Amino acid sequence: MLDSNSIPTEGNIAASPVVIRFPANATLQVMAQTNAAWRQLVEIQDQSTGRVYILTGQGEVVPMNLENPEDGDFSGFGGSLPGAFSLSRIDDPNEADRVISVVCKYSRSEGGGGFDDYSRVRVRKMPDHGGPVQQWELGAEDGADDDYNDVIIHVMAFPAGMH
Ligand SMILES: [Ca+2]
């Protein structure tokens with residue numbers, strides 16, 4: 001397990017799950033797309049709420065589909081963008097941090113299911129230039145060509161007051 005607080009800003013390659021830690025009072029926006037011939041699946045677990053978000057997709061430059069939006073705790077922004085959703089902030093003052101874990105899998109089968117293989121994931125903490133928004137980019141590689149874009153996940157944490 002890789003904690004994003006302990007990695008440098010340049011690319012790190014990790015096995016799943018990748019862990020991202022951000023302030024609990026931030027709203028989180030997640031955007032995901034595929035660039036892959038094989039079907040891709042992303043499991044994002046919000047360790048504060050226990051909720052798990054399942055994204056699937058396949059093809060070149062295709063926004064991933066959130067399979068279980070009924071399970072979400074969403075804020076009002078971001079949900080109208082293809083491949084994007086936003087998690088509401090936590091107002092509990094005792095919770096300083098919030099953690100999500102991300103697992104990327106893929107399937108070589110043509111039918112449904114069969115997500116038996118784990119991708120490698122490269123994580124970049126994007127420079128914040130002293131600003132309040134924290135950003136991460138995750139690139140998953142399913143082993144076909146080492147370009148680390150089979151899934152691209154962009155995570156942004158907006159501090160309270162910005163949304
Ligand atoms: Ca690839």
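The values are calculated or read from the model by the stated rules, or taken from the named source; none is laboratory data. None of these values were measured; they are calculated from a predicted model. Don't worry about glycine lacking a Cβ; one is built from the backbone with ideal geometry, like all the others, and counts go over all protein chains shown.
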Open item on the list: Take the residues in the stretch 136-145 that are in a strand (DSSP E or B) and among the aliphatic types (A, V, I, L, M); name whichever of them is nearest to the ligand (Cβ to nearest atom).
Closed with: Ala140
Task: Residue check for Tyr148: of a type in the set (Phe, Trp, Tyr), surrounded by 16 or more Cβ atoms within 10 Å (Cβ to Cβ), over 20 Å from Gly83 (Cα atoms) and within 16 Å of the ligand (Cβ to nearest atom) - done: no
Open item on the list: Between Val52, Val61, Val19, which is at pLDDT 90 or above and either over 15 Å from the mean Cα position of the chain (by Cα) or not β-branched (Val, Ile, Thr) (or both)?
Closed with: Val61
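Residue check: is Val133 surrounded by 16 or more Cβ atoms within 10 Å (Cβ to Cβ) and more than 16 Å from the ligand (Cβ to nearest atom)? Show your work before the answer.
Values: surrounded by 16 or more Cβ atoms within 10 Å (Cβ to Cβ): no; more than 16 Å from the ligand (Cβ to nearest atom): yes.
So Val133 does not fit the description; no.
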- [ ] Would you check if there is a residue in the stretch 27-46 being charged (D, E, K, R), over 28 Å from Gly161 (Cα atoms) and assigned to a loop (DSSP other than H, G, I, E, B)?
- [x] no
Open item on the list: Could you list, ordered by first residue, the pairs with Cβ atoms under 6 Å in which the first is in the stretch 26-39 and of a type in the set (Phe, Trp, Tyr) and the second is part of a strand (DSSP E or B) and within 16 Å of the ligand (Cβ to nearest atom), at least 6 apart or interchain?
Closed with: Trp38/Tyr106
Open item on the list: I'm checking my understanding of the structure. Among residues of the stretch 153-163 that are under 18 Å from Asn35 (Cβ atoms) and either free of Cβ contacts under 8 Å to residues at least 12 places away in the same chain or buried (at least 20 other Cβ atoms within 10 Å of the Cβ) (or both), which one is nearest to the ligand (Cβ to nearest atom)?
Closed with: Ile153
Open item on the list: Quick check on Arg122: is it at pLDDT 90 or above, in a strand (DSSP E or B), within 14 Å of the ligand (Cβ to nearest atom) and surrounded by 14 or more Cβ atoms within 10 Å (Cβ to Cβ)?
Closed with: yes
